[in-house]
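A.B. asks: Okay, handing you the structure first.
Each reported figure results from applying straightforward, stated rules to the coordinates on display, with no laboratory input. Computed from a predicted structure; not experimentally measured. Here Cβ is always computed from backbone atoms with ideal geometry, including for glycine, and neighbour counts include all displayed protein chains.
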Amino acid sequence: MSDPEFLPYHHLHGAKTALHPELGPCFICEGRFLVESALEAGREGKLRVISLLCLANLEAEFAPRLPEGTRLLTASKAELSELLGFAFHRGVLCCVAVPPEPAEEVVLAARRLVVLPHVDNVENLGLLLRSAAALGMDAVVAGRGPSPFERRSLRVSMGAAWKLPVLQREDPGPVLEAWRSAHPDSEIVGAALTPSAQDARLWQPASHCALVLGPEAYGLDEAWLQRCDRTMAIPMAMGMDSLNVAAAGAILMFKMMA
């Protein structure tokens, strides 16, 4: 496996990013569903799929489905596991160039916006992106934390990172304020267990609404609460005090679908 095209797949266990020796930042899709979704986007010109790596017995199946310019790489199961750094059972992966970020104007035009100032857990980010795409959100602004194109985030999000406009900034605050200025009828709603929080079951989102979800450990800080017009809380039962941010986000995004 001396071909440099194998380098982005080298030792993926725990890897946060991948790098192609000539084409730069890239991401790796694992498993049939995610790979097929990336190949479809590649054939439509929405992604640049650099290479596909599969077991030799899958070559005939995938070769006719490759976008133009995509390299086909094959390996045995043992070679795959040695290359990746862990026992791999999914049979197929692909390497994709990280697409350009969406224009800020696209995000500012969103009617339904999700803002994630700081999500630490890569799988929570993936789940939130998957919910945002599935529930019809128009865009996501992410702050500090993992990239939407990290391997595990992509796997959990089922490719939502390239299906939905996602803008990542160290501080998403200025983008949110610009969005508010663009929509005088808008509201910014924070998910928080504050004394003044309203019952989310009674929430009727405004015509333009931004939902702000805080970090997993401590929620939205005071500066972010000050940006919000109001806060929403999901009532708990059985003595539970809160939901995982990804679960809470999905419930509140569902309320925003109308």
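A.B. asks: Modelling each spin label as a point 7 Å along the Cα-to-Cβ direction, I'd like the residue 109/residue 40 distance in nm, to one decimal.
C.D. replies: Each label point is offset 7 Å from its Cα along the Cβ direction, giving 2.4 nm.
A.B. asks: Let me ask something else about it. Starting from the stretch 1-70, pick out the trypsin sites (Lys or Arg not before Pro) whose DSSP state is loop and whose Cβ has at most 16 other Cβ atoms within 10 Å. Could you put the intermediate results ahead of the total?
C.D. replies: Working: sites: 16, 32, 43, 46, 48, 65; in loops: 16, 46, 48.
Answer in residue order: 16, 46.
A.B. asks: Hey, another quick one. Treat the count of other C-beta atoms within 10 Å as a stand-in for reagent exposure and order 20, 13 from fewest to most. Can you show the working numbers first?
C.D. replies: Values: 20 18, 13 10.
Ranked by crowding around the Cβ, least crowded first: 13, 20.
A.B. asks: Starting from the amide H of residue 115, placed 1.01 Å from N in the peptide plane, find each other amide H under 5 Å away whose residue is 5 or more places distant or on another chain.
C.D. replies: So residue 115 has HN proximity to 141, 211, 212, 213.
A.B. asks: Along the Cα-to-Cβ line of residue 57, 7 Å from the Cα, sits a label point; which residues in the stretch 84-117 have backbone N less than 14 Å from it?
C.D. replies: Within reach of a label on residue 57: 89-92.
A.B. asks: How much net charge surrounds residue 72 when only the other residues with a Cβ under 12 Å from the Cβ of residue 72 are counted, with Lys and Arg +1 and Asp and Glu -1? Don't skip to the answer; put the middle values down first.
C.D. replies: On the way: positive: 65, 71; negative: 3, 5, 59, 61.
Once positives and negatives cancel, what remains is -2.
A.B. asks: Pull out the extension gain between residue 201 and residue 244, defined as 0.36 nm times the separation in residues minus the alpha carbon to alpha carbon distance; nm, one decimal.
C.D. replies: Working: separation 43, 0.36 × 43 = 15.48 nm, distance 1.76 nm.
Additional length available on full extension: 13.7 nm.
A.B. asks: Below 15 angstrom from the Cβ of residue 245, what's the summed charge of the other residues (Lys, Arg +1; Asp, Glu -1)? Don't jump to the answer; show the numbers that get you there.
C.D. replies: Numbers: positive: 130, 144; negative: 120, 123, 216, 221, 241.
Overall, the nearby charge balance is -3.
A.B. asks: Oh, and also: Once you wrap a convex hull around the alpha carbon atoms of the chain, what is its projected area averaged over all directions, in nm²? Don't skip to the end; give the middle numbers.
C.D. replies: Working: hull surface 60.5 nm².
Projected over every direction and averaged, the Cα hull of the chain covers 15.1 nm².
A.B. asks: Moving to a separate point now. Considering only DSSP states other than H, G, I, E and B, which chymotrypsin sites (Phe, Trp or Tyr not before Pro) in the stretch 165-258 qualify as loop sites with at most 11 other Cβ atoms within 10 Å? Can you show the working numbers first?
C.D. replies: Working: sites: 179, 203, 218, 224, 254; in loops: 203, 218.
Of the chymotrypsin sites (Phe, Trp or Tyr not before Pro), the ones in loops of the stretch 165-258 whose Cβ has at most 11 other Cβ atoms within 10 Å are 218.
A.B. asks: Right, another one. Using alpha carbons only, how many angstrom separate the centre of the stretch 181-236 from the centre of the stretch 1-20?
C.D. replies: 40 Å
A.B. asks: Work through the residues other than residue 202 whose Cβ is under 14 Å from its Cβ and net out their charges, Lys, Arg +1 and Asp, Glu -1.
C.D. replies: Values: positive: 201, 230, 255; negative: 199.
Net charge around residue 202: +2.
A.B. asks: Averaged over every viewing direction, what's the projected area of the C-alpha convex hull for the stretch 104-255? Give it in nm², one decimal, please. The partial results should precede the final answer.
C.D. replies: Values: hull surface 33.5 nm².
Hull-based average projected area comes out at 8.4 nm².
A.B. asks: Quick one: work out the % antiparallel among DSSP beta bridges in the chain, nearest 5.
C.D. replies: In the chain, DSSP labels about 30 percent of beta bridges as antiparallel.
A.B. asks: Let me make sure I get this right: for the stretch 4-97, a, b and c are the square roots of the gyration tensor eigenvalues over alpha carbons, sorted descending. Under 1.5 in a/c it's rounded, otherwise prolate if a/b > b/c, else oblate. Which is it? Intermediate values should be presented prior to the final figure.
C.D. replies: Working: a/c = 1.68, a/b = 1.16, b/c = 1.45.
The shape class here is oblate.
A.B. asks: To the nearest 20 Debye, how big is the dipole of the stretch 4-97 about its Cα centre, given +1 on the beta carbon of each Lys and Arg and -1 on that of each Asp and Glu?
C.D. replies: 200 debye
A.B. asks: Moving to a separate point now. Name the aspartates and glutamates eligible as straight-distance cross-link partners of residue 255: C-alpha to C-alpha under 19 Å, and not fewer than 8 places from it in the same chain.
C.D. replies: Excluding near neighbours in sequence, the set is 138, 185, 187, 199, 229.
A.B. asks: List the residues whose amide H sits under 5 Å from the amide H of residue 71, counting only those 5 or more places along or on another chain, with H placed 1.01 Å from N in the peptide plane.
C.D. replies: HN-HN under 5 Å from residue 71: 51, 52.
A.B. asks: Which value in nm describes the separation of the simple spin-label points at residue 123 and residue 78, placed 7 Å from the Cα toward the beta carbon?
C.D. replies: It works out to 3.2 nm between the two label points.
A.B. asks: Please order 94, 228, 209 by the number of other Cβ within 10 Å, starting at the fewest. List each step's numbers first, then the result.
C.D. replies: Details: 94 32, 228 21, 209 24.
The order, fewest Cβ neighbours first, is 228, 209, 94.
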